[in-house]
Amino acid sequence: MKHFLSVTDIGDISTAIAEALMYKLNPLQDIQLGNGKAFGMIFMNPSLRTRLSSQIAAENLGMRTSVLNIDKDAWNLEFKEGAVMNENKVEHIIEAAGVLGQFVDILGVRSFSSLQNKADDDAEIVIKKFQQYAQLPIVSLEAATLHPLQSFADMITIYEHWQQPKKPKVVMTWAPHIKALPQAVPNSFAQWINAWQTCDFVVTHPEGYELDQKITGALNIEYDQNKALEGADFVYVKNWSATKDYGKILCQDKNWMIDNKKIALGNKAKIMHCLPVRRNVVIADEVLDGPQSIVLQQAKNRICSAQVVLSRLLKTLA
């Protein structure tokens, strides 16, 4: 593995899950693997789970870690080629990434979609420019269209809760939110579920929230949320903004919030969310605090998922 930018970089998902569970059982088993190596992380938007889990994973492998928040700790970056830098951008990505490539061995980059221009966001300019000019392994800590580390942890979590011969029914449901959010998490979750091929997968959302199937692959969409939730074994709850009317909020129907009445339609379904979650907007307290919620286990699995990725990249550097 040269980089970790999407599900296509991980290879066989079941094998990767098995590796992750080994690290979860014994996090320090490869403490010497990263001896003398450095992991740098660039954050262009806030992070709690991704930042801490990636840092812990790197340290479990013996790596040194450094973190830069671009909006606070470093110069504002210019990504446009041939730019005349006479406005508010102080440093160009060519120099910034080039320097980082000399300071660390693996670089993690987190950026967000603008939700303004779909073509630009689809092009993943930020992460690709770091990849081009840093000339070292890049780990996506979330990008404009995908969040592969989150989805890897999600697959681990589903596996841990489903040791039966039949396929589980996994439902990803849209939920209301007070502001427009990117499609990166639902895009990535759909990619990984489709690639894993061990689940019956249904997506439910109001009309107009169809995800870009050039990114996700083919999806089984059910616009009736209650019908979609019937018999569900796992319910992944997430808000996202419109794709065709890019970045727009088309629906604020509070009836799409997940509460006990909704989850009663499932098969004692486990409730998942990537966090952070707005309580009593996206998911009701009664669900988040109930026995079917596994959101904290999802968060914990961010460590072992990141550790698999970093260990594989370290082995390519050996």
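The residues of the stretch 146-170 that are surrounded by fewer than 24 Cβ atoms within 10 Å (Cβ to Cβ) and over 20 Å from I271 (Cβ atoms), listed by number, are P165, K166.
Taking each residue of the stretch 95-122 that is under 22 Å from V185 (Cβ atoms) and looking for partners that are assigned to a strand (DSSP E or B) and among the polar types (S, T, N, Q) with beta-carbon atoms closer than 7 Å, six or more apart or interchain, yields V109/S140. Under the condition of being more than 25 Å from the chain's Cα centre (by Cα), in a loop (DSSP other than H, G, I, E, B) and within 30 Å of D121 (Cβ to Cβ), the residues counted in the stretch 244-268 number 1.
Taking the criterion of being within 25 Å of V277 (Cβ to Cβ), open to solvent by 10 Å² or more (accessible area, probe 1.4 Å) and either among the small types (G, A, S) or touching a His at 6+ places or on another chain (Cβ under 9 Å) (or both), the residues of the stretch 5-52 that qualify are S6, S47. Scanning the stretch 171-208 for residues that are open to solvent by 30 Å² or more (accessible area, probe 1.4 Å), aliphatic (A, V, I, L, M) and in contact with a helix residue (DSSP H, G or I) (Cβ under 8 Å, 6 or more places away or on another chain) yields a single hit, A195.
Set side by side, the residues S188, S241 differ, and just one is among the small types (G, A, S) and under 13 Å from the mean Cα position of the chain (by Cα), which is S188. So, K214, is that one among the basic types (K, R), assigned to a loop (DSSP other than H, G, I, E, B) and open to solvent by 50 Å² or more (accessible area, probe 1.4 Å) or not? In short, no.
Which of the residues belonging to the stretch 222-232 are in contact with a helix residue (DSSP H, G or I) (Cβ under 9 Å, 6 or more places away or on another chain) and either open to solvent by less than 20 Å² (accessible area, probe 1.4 Å) or not polar (S, T, N, Q) (or both)?
Selection gives E222, Q225, L229, A232.
Pairs meeting the criteria (first residue in the stretch 74-94 and closer than 19 Å to F43 by Cα, second residue modelled with pLDDT under 95 and surrounded by fewer than 11 Cβ atoms within 10 Å (Cβ to Cβ), beta carbons under 7 Å, at least 6 apart or on different chains) are N76/N88.
When the residues of the stretch 67-88 are filtered to those that are polar (S, T, N, Q) and surrounded by fewer than 16 Cβ atoms within 10 Å (Cβ to Cβ), the one that is farthest from the chain's Cα centre (by Cα) is N86.
Condition first: of a type in the set (A, V, I, L, M, F, W, C), in contact with a Gly (Cβ under 7 Å, 6 or more places away or on another chain) and within 27 Å of E19 (Cβ to Cβ). Now tell me which residues in the stretch 134-187 satisfy that. A134, L136, V139, L141, listed by residue number. Taking the stated definitions as given, is I17 closer than 21 Å to K300 by Cβ and either part of a loop (DSSP other than H, G, I, E, B) or aliphatic (A, V, I, L, M) (or both)? Judged against the criteria, I17 is a match.
The values are calculated or read from the model by the stated rules, or taken from the named source; none is laboratory data. The structure presented is a predicted model; accordingly, all values stated were derived computationally and were not measured. Note that we place each Cβ from the backbone using ideal geometry, even for glycine, and neighbour counts take in every protein chain shown. Quick note on the areas: whole protein, heavy atoms, side chains included, nothing else; ligands and nucleic acids left out. Shrake-Rupley method; radii C 1.70, N 1.55, O 1.52, S 1.80 Å.
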